[in-house]
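Read through the structure below, which is laid out as structure tokens, and then see the notes.
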Amino acid sequence: MPSTRPPDRAPVVLSIGGSVLVTGTEDAAYLARLADLLRKVGAERALVVTTGGGRSARDYIRIGRDLGLTEYELDELGIDVTRLHARLLAARVGPPTPTDPPTTVREVVKELRHASPVILGGTEPGHTTDGVAALVAVRIRAERVVNATDVDGVYDRDPRTSPGARRIEQMNWSEFRAMVHAGSSGEAGQNFLFDRLGADVLARARIPLLIVPGRDLANLEKALLGRPCRGSRIGEETRAKTA
Ligand code: UTP
């Protein structure tokens, strides 16, 4: 199979929230344009994309919880929904992107030898697709992780309830990890902006994280290419110091 990636450009990982992929508004048009962008960026460098489960995952997890399923079983339900979103996007991106989403980091590495982008959902119960994105990023020595979400960055207070809330443009890892650890309990279907495991893994590997609004594709492209963009940047100073 032909190679689609020149070896001289560092890999990038994108974690895209389910709440960005499927909103109930213009989803097919958005997914078609997103697929075009991923194909374009993926042809220039190794690109791995993880897709979240969003509202659909939470709906199934809520029903499963009412049925008395264990947290492990609820995570498995969530994983299946994330994989459904990966399949939807991968099918639109087309070959050489595999339409069966890989189920392990090892499989991602194997697929990446002949395909870019590689698109997957969750892997193991106990974390989220942000965590998967971080583990993949460390394994493939990614230059950065971009988290495309339904807000336009990290705020000093909740922007939905505090009108004076301000977006934080830059943070270091210890500030961000303190926020993540305070904001999530680790239960199935529950998450604060970025997964705890993901934040810990990226901080240790000193891989910077960008949190950007996922529906703004022009901005997302800039984030993927490492150009100035709207959003919050985490851990870039550490990277500069150690580079
Ligand atoms: P998501 O990655 O979608 O979590 O996985 P999320 O926090 O709800 O993210 P958004 O809303 O899409 O941005 C959905 C659920 O699937 C399970 C977890 O229960 C998670 O909350 N999951 C997912 C896993 O257990 N392991 C995985 O690797 C991925």
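Annotations for the structure displayed:
- Tally of residues being farther than 15 Å from VAL22 by Cβ and either within 15 Å of the chain's Cα centre (by Cα) or away from the ligand (no atom under 11 Å from the Cβ) (or both) across the stretch 70-89: 2
- Residue selected from the stretch 158-178 under the condition farther than 25 Å from ALA205 by Cβ and surrounded by 15 or more Cβ atoms within 10 Å (Cβ to Cβ), by the criterion nearest to the chain's Cα centre (by Cα): ARG167
- ILE61 vs. criteria within 11 Å of the ligand (Cβ to nearest atom), among the aliphatic types (A, V, I, L, M), in contact (Cβ under 8 Å) with a residue 24 or more places away in the chain and farther than 24 Å from ASP152 by Cα: yes
- Failed criterion for VAL20 (all others in (1) surrounded by 13 or more Cβ atoms within 10 Å (Cβ to Cβ); (2) of a type outside the set (Gly, Ala, Ser); (3) over 20 Å from LYS222 (Cα atoms); (4) within 12 Å of the ligand (Cβ to nearest atom) hold): (3)
- Candidate set: the stretch 121-145, residues that are open to solvent by 50 Å² or more (accessible area, probe 1.4 Å) and among the aliphatic types (A, V, I, L, M); chosen: the one nearest to the ligand (Cβ to nearest atom): LEU135
- Scanning the stretch 69-106 for residues that are of a type in the set (Ser, Thr, Tyr) and without any contact (Cβ under 8 Å) to a residue 60 or more places away in the chain yields THR70, TYR72, THR97, THR99, THR103, THR104.
- Of the residues contained in the stretch 42-50, one or more are found to be of a type in the set (A, V, I, L, M), within 18 Å of the chain's Cα centre (by Cα) and either open to solvent by 10 Å² or more (accessible area, probe 1.4 Å) or more than 16 Å from the ligand (Cβ to nearest atom) (or both).
The values are calculated or read from the model by the stated rules, or taken from the named source; none is laboratory data. Everything numeric in this text was worked out from a predicted model, so none of it was measured. We place every Cβ from the backbone using ideal geometry, glycine too, and count neighbours over all the protein chains shown. Quick note on the areas: whole protein, heavy atoms, side chains included, nothing else; ligands and nucleic acids left out. Shrake-Rupley method; radii C 1.70, N 1.55, O 1.52, S 1.80 Å.
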